[in-house]
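Everything on this sheet refers to the single structure shown next.
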Amino acid sequence: MRTLGRYVLQEEIGRGSMGTVFKASDPMIERTVAVKTINALQIQDGSAEPRRRFLREAKAAGRLSHPCIVTIYDVGEFEDTAYIVMELLEGRSLKDVLDRGEQIPLATAAQIVLQTADALGFAHRQGVVHRDIKPGNLMLTKQGLVKITDFGIARIDQMSRTRTGVVIGSPRYMSPEQVSGRKADGRSDVFSLGIVLYELLTGVAPFDAARSEDFLTLMQNIVVKTAAPPSRINPAVPAALDAIVERALRKNPDERYATADELAQALRAALEGGLRPQPGEPDIAALARTDEFVLPEFDLFATGGPATRAKPEARKEAGKEAGKEAGAGVPHASAGAAAGGGQGLLARLKSEAEALDSRASTDERAAQTLMLALDIERKMRGGFAFFEELVRYLGIVKPEIGHRYALEGLGTFAAPKLADAFVDSKLRRAEGRPWMDMITLTVVCVSPTTLGFERTGGELQALVDQLTAANLRYSSDDAGNGPGSGGRITGEVAGDITIHARVMADRERGRLAFLCKNVSQFGNQSFVLDAEAAGESVFEQFANYLLGQPNEFLDLVRAKR
C-alpha cells in the first residue's frame, strides 16, 4: 500500500489543476484524513524556492481555525511532492449540486454565501486571500455547514510574490483585477463570491461567453460588462438580493463591499428582513445528502436485486407490483392456466426458460461491457501519465511548434515556440470507484511575428470576431474609433497562440473522442476512435499531431472509419 510520510493512501477521490486528493489514514492517531499532493513542477512560478513558498503559504492557511474553513492538520514534502493533510469532509461540493441542476431555494443560497463570506472575512483579517472562490471549492456538509477548501493557491498579503501578469484562479469566477494581472486583495474574493451568488440565484454565471471555450470574451466581459440584475432572469429574486449582487460585482474594488464581513452583514439583513425558507425547501444539510450513498442491503430489500438503483418513487411502484404478483415464482395454476390446460404450464416454463437465457446473455454482455470500460479506463490513465511526462519535458526543452498559422488577409505567424504547457484531468465517481472521464492538455506557444492590420470602422468587427474565435490578442493605435466609424484603424495581432486538446472517454459506446482547437490551423477539430482498436501509441501520436511533429494519428483515424 502506498504511503506518503506517515500517511497511508487508500484511494484517489479527486484530481484538480493543482494536484490530486487521496483518502488516507493517519495510523499514529487512527484518523481518516484527506491528503492533497502537489507535484513541485506544477508550482514553478519563477521564484527561487517554489516548494518552500507553497508550504509556507499552506501553513498560513493552516492557522485559519474557523468552522467554515476546512481544517488543515499537517503539511510536508517528500521527494518531488509537497502535500497537505486536511479533514475528510462528508458531503457534496456546491459545484456538484449545480451540475446536477438541483433547485437551490433563495434563502438557502443566501445562507451558503453568508457562511462563506463570514469565513472569508476571518481569513482576510489573518492576512490570507483565497483567490479562487468558486462552487468547486465550497463543500456542503451534512451538518449544515459550508466549508471553504483549497487555500493551496492563497497568498499572504504581506508576502505576495506573484509575478506581474500571472493569473491565478478559475476564469469564470475571476475578478477584474485578476484578469488584468493586478494585485488582488480581499475585495477580489468578494467579487468572486458575488458571481457564485448570482449563479445560485439564476442558474447562470453573469459573464459567460456564448461559447464555453471563448475565454477571451469571458475575460472581456468580466472587465467591462455590467451584469443584468438577477431578478431579470429569476423574477422571484427580491430587490435586496439584487442590490447585494450589484454592489459585490462592481468593477472598481473601491466601490464594492470593503470587506467580506460587510457582505455577510448585508446578507444577514436580507434574511432577517423577510427572506425566509419555505416549508419543505431543502436547507444546506439536505442538499449535502445524496441518494447515491444508499446502503446496498436496502436496495436488495426494496427492489429485489443489488444491481438496481431505483429512485424512491420507483421503489414504491416496484413494491406494489411485487404485492400483486406474490407467489409468482411457485409453479401453480392460475385461473387462466387452468382453462388452457397443459398449454398454460408449458407457456410458463417456456417463459421462464427464455428469461434464464436472456439473463445469462445479459450477464455476459454486462461482463463484456465492464471489461471494455476497464480497458478504456486503463488507456485514459496511461494517456494522462504520458501527458504528465510530456508536459514536464516540454517545459524544459521548449521546442518549436511545427504548424504554420495563417490569418486570411493578414499573413502567417513564423515559427511559434512553446512557452508553457499543462495537463489536467476530470474524474467521475460511479459504481463505487472514480473513472477518468476527461484529459485536457493546453499548449501555449509564441511567435516572434506580429501581424499588422488596417481596417475601416465597418470592417473591424469582422476581424475582431475572427481574432476572438482564435483566442488571439490584438491592439489598436486608434481605440477611440469604434466598429461603426468610417475612419481607418491600424493595429497589430500578437502571435500568442493557445492549443487546446481534450480526450474524452465514452465507455457506453467503447470509444475515445479527441477534441482540439488551434491545431495546424485556427479553429476546432474532432476525431473519434474505437477504444478497443486504438493502439497503445495513440496518445503519443495525438501529441505529435498537436505539436506539428511527424505522426500517424490522422492515419489511425482514417483507418478506423
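The values are calculated or read from the model by the stated rules, or taken from the named source; none is laboratory data. Owing to the predicted nature of the structure, the values given are computational and were not obtained by experimental measurement. Backbone-built Cβ (ideal geometry, glycine too); neighbour counts: all protein chains shown. Side chains are part of the model used for accessible areas, which takes the heavy atoms of the whole protein and leaves out ligands, DNA and RNA. Shrake-Rupley method; radii C 1.70, N 1.55, O 1.52, S 1.80 Å.
As a test of reading the structure, rank LYS379, LYS134, LYS95 by solvent-accessible area (1.4 Å probe, protein chains only), most first.
Working: LYS379 15, LYS134 50, LYS95 90 Å².
Heavy-atom accessible area, descending, gives LYS95, LYS134, LYS379.
The label-point distance for GLN461 and HIS66, in a model that sets each label 7 Å from Cα toward Cβ, rounds to 4.6 nm. Counting Lys and Arg as +1 and Asp and Glu as -1 over every other residue whose Cβ lies under 13 Å from the Cβ of GLY101, the net charge comes to -2.
When peptides 120-132, 215-227 are ranked by their average number of other Cβ atoms within 10 Å per residue, the highest-first order is 120-132, 215-227.
Between THR450 and ALA494, the distance separating the two model label sites (each 7 Å from Cα on the Cα→Cβ line) works out to 0.9 nm. Here's how it looks for TYR73: its modeled amide H is under 5 Å from those of VAL85, MET86, GLU87, which are all 5 or more places away or on a different chain.
Which parts of segment 89-124 would a label at LEU271 reach, counting a residue when its backbone N lies under 14 Å from a point 7 Å out along Cα-to-Cβ? Counting backbone N atoms under 14 Å from the label point, the list is 105-120.
Phi angles of segment 123-131 translate, via the Karplus equation with coefficients 6.51, -1.76, 1.60 and θ = phi - 60°, into HN-Hα couplings of 4, 5, 5, 8, x, 10, 9, 6, 6 Hz per residue; Gly and Pro are given as x.
For segment 76-122, GluC sites (Glu not before Pro) meeting the loop criterion (DSSP other than H, G, I, E, B) and having at most 16 other Cβ atoms within 10 Å: GLU79, GLU90, GLU102.
At a Förster distance of 45 Å, what's the computed FRET efficiency of LEU410 paired with LYS183, Cβ-Cβ distance as r, to 0.05?
Working: r = 35 Å, r/R0 = 0.79.
That pair, LEU410 with LYS183, gives E of 0.80.
Pairs LYS134/LYS417; LYS417/LYS517; LYS95/LYS142; LYS134/LYS398; LYS36/LYS147: which exceed 23 Å Cα-Cα? Listed pairs above 23 Å: LYS134/LYS417; LYS134/LYS398.
Extension gain for LEU88 to ASP420 (0.36 nm times residue separation, less C-alpha to C-alpha distance): 116.2 nm.
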